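Asker: This structure is in structure tokens; I'll ask about it shortly.
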Amino acid sequence: MGHTHTFGPSSQDPPRRRLAAVLAVVVGTIAVATAIGVVVLWPNSKAVPHDQNPYNNPGVSIIDATVKAATPLECGSGGQGPDGLPEVAGKCAKVSATTKVGNATFTLDAARAKAGIKAGDKIQVVRIVRKGQPTSYQFYDFQRGVPLVLLTLVFAVLVVAVARWRGLLAMVGIAVTLVALTKFMLPAFLAGENPLPVAIVGSTGIMLVVLYLAHGISIRTTSALFGTLAGLAITAGLGLAATGWTNLTGVGSEDDQILVAVAPSVDLSGVVAAAMVVAGLGVLNDVTVTQASAVWELRAAKPAADIWEIFASAMRIGRDHIASSVYTLVFAYAGSAMTILLLIVAYQRGLAEMATTEQIAQEVVRTLVGAIGLVLAVPITTAFAVLLAPGPTNHVVPLSPPVAHPVGRRRAAPPHT
């Protein structure tokens, strides 16, 4: 018969069950605290601005239309406008379109005419009806409902086809995120609640639902949750400090000024810090889940390794992930701010000079704060995962293989050495 040596305790199941129970209590406490935060910070509906849309005024409506013809029209566009900013040089367009209430005619400015509009285009127009005056029309936008719905359906089908149940649950997580944003966080901002606590509570609630929906209820997912919450806390603290340190007011564009006029209670400076928390959720979640999974896979591949070896191996993976994620943040900003970057080049002003302006500085600070939170979340998540993952497993190591002996024959004695 072969001989075996057994290392470690015979079973780790009871300790793992106790750990799972303790973690369930911790996560439950976080969930209860989050729910209390939502109740306390829930906006008063009377404090949220309503009916501020100028297109909802009496006699004003937005209707669908189809372009019949668009002919060039000389309108003297070019030079400088009344605010001293350059205007688009070129011809405007006289557009005729059909609507459900009859024909509509309007003039399209040079910038939009240059972008292109042609017969057959589906558009939306503003219809203005005033007593004693003829009905007038203005261009509002193109109709994009059908292509947006089709793109969304293609995305959803591919996610579910490739990721199956996890993909479907991830889609549910997206829906939960949209509900949290539109029903709680954004109304609370408008109602004048402190934006940073709202962002922290809302983001925590989103992560509690999304992580367990997409990745299942397990100790591994819980370790990713702890790392994500730590990253959120770091990002929130840094965002608050950086916003005050760099004097970011939140008023960097015409839209910001309109928002202040429409919702005077909103704290735009606080919204800047809150946006840093929300903007970092996606990449932060990606990194923490990957690190937790890496630790569990390394433990399965190296069942006898100690926790320091697993931590070091996981951090080698984490460093690569940090590098690619930082690039992702920078590329995401470059893509979303392409118009601003083109203006910087066109104005022949240095990037360092333009980076100090409110509009660009917000994005720079948001990117840097998000990157710092991301970098620190990697070792924190890895530490949580290593501590919560199974320890070195029991190994039964055979010292000599069993040998089959023919029936009725004696086993030869081993040679002397």
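The values are calculated or read from the model by the stated rules, or taken from the named source; none is laboratory data. Small disclaimer: the values here were computed from a predicted structure and weren't measured. When we count neighbours, we look across all protein chains shown, and the Cβ atoms used for this are built from the backbone with ideal geometry, even at glycine.
Asker: Taking the criterion of being in the same structural domain as T243 (by TED's automatic domain parsing), under 24 Å from G239 (Cβ atoms) and assigned to a helix (DSSP H, G or I), would at least one residue in region 298-320 satisfy it?
Answerer: Yes, the conditions are met somewhere in region 298-320.
Asker: Name, by its number, the condition in (1) more than 22 Å from E254 (Cβ to Cβ); (2) in a strand (DSSP E or B); (3) more than 33 Å from the chain's Cα centre (by Cα) that does not hold for A119.
Answerer: So the condition that A119 fails would be (2).
Asker: Quick one: G84 ticks every box in (1) modelled with pLDDT under 80; (2) part of a strand (DSSP E or B) bar one, so which box is it?
Answerer: (2)
Conditions tested, residue by residue: (1) in contact (Cβ under 8 Å) with a residue 12 or more places away in the chain; (2) buried (at least 21 other Cβ atoms within 10 Å of the Cβ); (3) outside any helix (DSSP H, G or I).
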| site | (1), (2), (3) |
| --- | --- |
| P134 | no, no, yes |
| Q138 | yes, no, yes |
| V154 | no, no, no |
| V160 | no, no, no |
| A180 | yes, no, no |
| V209 | yes, no, no |
| A230 | yes, no, no |
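Asker: Looking at A242, A274, can you tell me which residue is at pLDDT 90 or above and buried (at least 23 other Cβ atoms within 10 Å of the Cβ)?
Answerer: A274
Asker: Could you tell me whether any residue of region 279-301 is crowded, with 17+ Cβ neighbours inside 10 Å, of a type in the set (V, I, T), out of contact with any Gly (no Cβ under 6 Å at 6 or more places or on another chain) and more than 23 Å from M207 (Cα to Cα)?
Answerer: no
Asker: Can A47 be described as surrounded by fewer than 16 Cβ atoms within 10 Å (Cβ to Cβ), under 30 Å from A263 (Cα atoms) and either in contact with a Phe, Trp or Tyr (Cβ under 7 Å, 6 or more places away or on another chain) or not β-branched (V, I, T) (or both)?
Answerer: yes
Asker: Suppose the filter is out of contact with any helix residue (DSSP H, G or I) (no Cβ under 8 Å at 6 or more places or on another chain), more than 30 Å from A214 (Cα to Cα) and small (G, A, S); does G90 pass it?
Answerer: For G90, the condition - out of contact with any helix residue (DSSP H, G or I) (no Cβ under 8 Å at 6 or more places or on another chain), more than 30 Å from A214 (Cα to Cα) and small (G, A, S) - is not met.
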